[in-house]
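A.B. asks: Quick one: structure below, then a few questions.
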Amino acid sequence: MAPKPFAGAFTQQEPIAPEAIAAALRVLESGRLHRYNTVAGETSEAALLEAEYAAFQGADYCLACASGGYAMDIALMAAGLKHGEPVLTNAFTLSPVPGAIVNAGGRPVLVECTRDLVIDLNDLARKADGARFLLISHMRGHLADMDAVMAIAERHGLTVIEDCAHTMGASWNGTKSGNFGHAACFSTQTYKHMNAGEGGLLTSNDPDFMARAIILSGSYMLYERHGAAPEKHYFEAARLETPNCSGRMDNLRAAILRPQLAVLGRNIARWNDRYRTIETALKASGLFHLPERPAAEDPVGSSIQFLAEGITADEACAFMAEAKALGVELKWFGDADPVAFTSNHHSWRFIADQALPETDRVLSGLFDMRIPLTFSIEDCAHIAEIIIHCGTSLRLKGAA
Ligand SMILES: *Cc1c(COP(=O)(O)O)cnc(C)c1O
């Protein structure tokens, strides 16, 4: 018998908390929404967020900007990417990642993905010759063996920039995701770990790099009004040579984010409780491969992925349709046609076509689901029951 349908909304985040609403109202009442619009003695909300995020991350410098994609774009530019240069990145990621590389003038070179959804280290080492940059995307929160990644990067002289859109607050071997590479990019878009609608954060310990990034973000000559910026003299070399690629964060978003940063640790624990509820049930069913979560990894389970390996396209569609009829919204990375946020490298026709047989095999059976914090633990158990039900009927049909 089919389980009763699930009625929750997979795109529904929690409301903005009263403290954040109050902070936003204070900014609105002040009229000073632009980050450099301060009165004497005042530190802007954007600058305060930068200081607080740098402290949370354990990075020397932090820049608040317009989006995660924008942070990646200016990170590549500030790192010295030249026009037409190759940039290694994960074949399994979201389209803003190759998009940022193209925007910065680079040429994305896609690296294969393993069935545990991390960058394939052998393929990375193979493709690293002749490249100077690796934009590693910790897609859907899966962290590769970062010690091994950094060893390869060192051996090949790669500058590493981390896309931490799904690993804000995660760590590997006790080191925060984002503190391995030269710089790290975070997103505060609605579906990530802090919700300001849009927004990005860029962190680094390199003062010259960060001075260039701040000027790129559109600081004009107001770079001293930043919360976690290098000292003034670091800007001397960059202040007139660096283009203004306007993409600042405003005080309204920063005001909404600061109270969220204060409770991020608690929310990470809530996400992981929900993730483990679903993961345990799906694993026990024996129907799917769940990506390995190594002991060294402290992830943030804000979404879950599972593989039905060897599934055909028709079976995948039937499985998703049955789950959807029971109220469970799954996404499938194997679809030939991109749907909503989900696309694969075959539909990124703005970059050169690349042969990625291993990734294609993984994506053909890969399902993905958001876990918003509006879902209770009971909701998660209910969702797992539905997925297992649909997976079981798929198996029976396949075997018949
Ligand atoms: C969302 C996302 C980004 C980009 O973040 P935006 O703030 O939406 O530009 C980058 N990488 C991954 C993996 C993402 O999911």
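The values are calculated or read from the model by the stated rules, or taken from the named source; none is laboratory data. All values derive from a computational prediction rather than experimental measurement. All Cβ positions, glycine included, derive from the backbone under ideal geometry; neighbour counts span all protein chains shown. Ligands, DNA and RNA are stripped out before the accessible areas are found, and what is left, the full protein with its side chains, is counted by its heavy atoms. Shrake-Rupley method; radii C 1.70, N 1.55, O 1.52, S 1.80 Å.
A.B. asks: What does the extension gain come out to for A22 and I377, with contour length at 0.36 nm per residue minus their alpha carbon separation?
C.D. replies: The span from A22 to I377 would gain 124.8 nm if fully extended.
A.B. asks: What translational D, rounded to a whole number of µm²/s, comes out for the stretch 32-74 from Stokes-Einstein when the hydrodynamic radius is the Kirkwood one over Cα pairs, at 4 °C and 1.567 mPa s? Walk me through the intermediate numbers first.
C.D. replies: Numbers: Rh = 11.5 Å.
Rounded to a whole number, D works out at 112 µm²/s.
A.B. asks: Over all distinct alpha-carbon pairs, what is the Kirkwood Rh of the chain in angstrom?
C.D. replies: 21.9 Å is the Kirkwood radius here.
A.B. asks: Angle, helix 146-156 long axis vs. longest principal axis of the chain, Cα atoms, 0 to 90°, nearest 10?
C.D. replies: 60 degrees
A.B. asks: Quickly rank 117-124, 241-248, 221-228 as a protection proxy: mean count of other C-beta atoms within 10 Å, highest first.
C.D. replies: Result, highest mean Cβ count within 10 Å first: 117-124, 221-228, 241-248.
A.B. asks: Could you identify which residue out of W348, W172, W271 has the top mean-square fluctuation in a GNM of the chain using Cα springs shorter than 10 Å?
C.D. replies: For the chain, modelled as a Gaussian network with Cα springs under 10 Å, the answer is W348.
A.B. asks: Separate question: Inverting the mean 1/r over all pairs of different Cα atoms, compute the Kirkwood radius of the stretch 1-118 and quote it in Å.
C.D. replies: On the way: mean 1/r = 0.0542 Å⁻¹.
Kirkwood hydrodynamic radius for the stretch 1-118: 18.5 Å.
A.B. asks: Given points 7 Å out from each Cα along the Cα-Cβ axis, report the K232 to R115 separation in nanometres with one decimal.
C.D. replies: Placing both labels 7 Å along Cα→Cβ, they lie 6.0 nm apart.
A.B. asks: Beyond 19 Å, what percent of the Cα pairs of the stretch 119-254 remain? Show your work: numbers first, answer last.
C.D. replies: Details: 5189 of 9180 pairs.
Tail of the P(r) past 19 Å holds 57 percent of the pairs.
A.B. asks: Right, next: What accessible area per residue comes out for the stretch 1-158, rounded to a whole number of Å², with a 1.4 Å probe?
C.D. replies: 41 Å²
A.B. asks: Along the Cα-to-C-beta direction of R266, a point sits 7 Å from the Cα; which residues of the stretch 152-176 have their amide N less than 18 Å from that point?
C.D. replies: Only 169 fall inside the zone, counting backbone N under 18 Å.
A.B. asks: For the stretch 31-188, what does the convex hull of the Cα positions come to per residue, in cubic angstrom?
C.D. replies: Values: hull volume 18.4 nm³, N = 158.
Residue-normalised Cα hull volume stands at 116 Å³.
A.B. asks: Treating cross-link reach as a plain straight distance, find the aspartates and glutamates whose alpha-carbon is under 16 Å from the alpha-carbon of K232, omitting any fewer than eight places away in the same chain.
C.D. replies: Within reach: D60, D206, D208, E224, E241.
A.B. asks: Please give the per residue accessible area of the stretch 265-399, computed with a probe of 1.4 Å over protein heavy atoms only, in Å².
C.D. replies: Dividing the accessible area of the stretch 265-399 by its residue count gives 45 Å².
A.B. asks: Which FRET efficiency value, to the nearest 0.05, is calculated for A284 and R349 with the Förster distance at 35 angstrom and r the Cβ-Cβ distance?
C.D. replies: 0.30
A.B. asks: Distance from a point 7 Å along Cα→Cβ of H34 to each backbone N in the stretch 209-234: keep the residues under 20 Å and list them by number.
C.D. replies: From the stretch 209-234, the list is 214-227.
A.B. asks: Taking a quarter of the surface of the convex hull around the Cα atoms of the stretch 304-377, what do you get in nm²?
C.D. replies: 6.0 nm²
A.B. asks: If you don't mind, there's one more thing I want to ask. N205 to A2: FRET efficiency via 1/(1 + (r/R0)^6), r the Cβ-Cβ distance, R0 51 Å, to the nearest 0.05?
C.D. replies: 0.40
A.B. asks: On the accessible surface of the stretch 1-79, probed at 1.4 Å, how many percent belong to carbon and sulfur atoms? Please list the in-between numbers first.
C.D. replies: Values: 2220 of 3700 Å².
After summing per-atom areas, the C and S share lands at 60 percent.
A.B. asks: Helix 207-216: angle to the longest alpha-carbon principal axis of the chain, degrees 0 to 90, nearest 10?
C.D. replies: Approximately 90 degrees, to the nearest ten.
A.B. asks: What is the Rg over Rh value, at two decimals, for the stretch 265-399, using alpha-carbon atoms and the Kirkwood definition of Rh? Write out the running numbers ahead of the final one.
C.D. replies: On the way: Rg = 15.4 Å, Rh = 15.8 Å.
Dividing the radius of gyration by the Kirkwood radius yields 0.98.
A.B. asks: May I ask what percent, to the nearest 5, of DSSP beta bridges between residues of the stretch 286-399 are antiparallel?
C.D. replies: Percentage antiparallel, nearest 5: 100.
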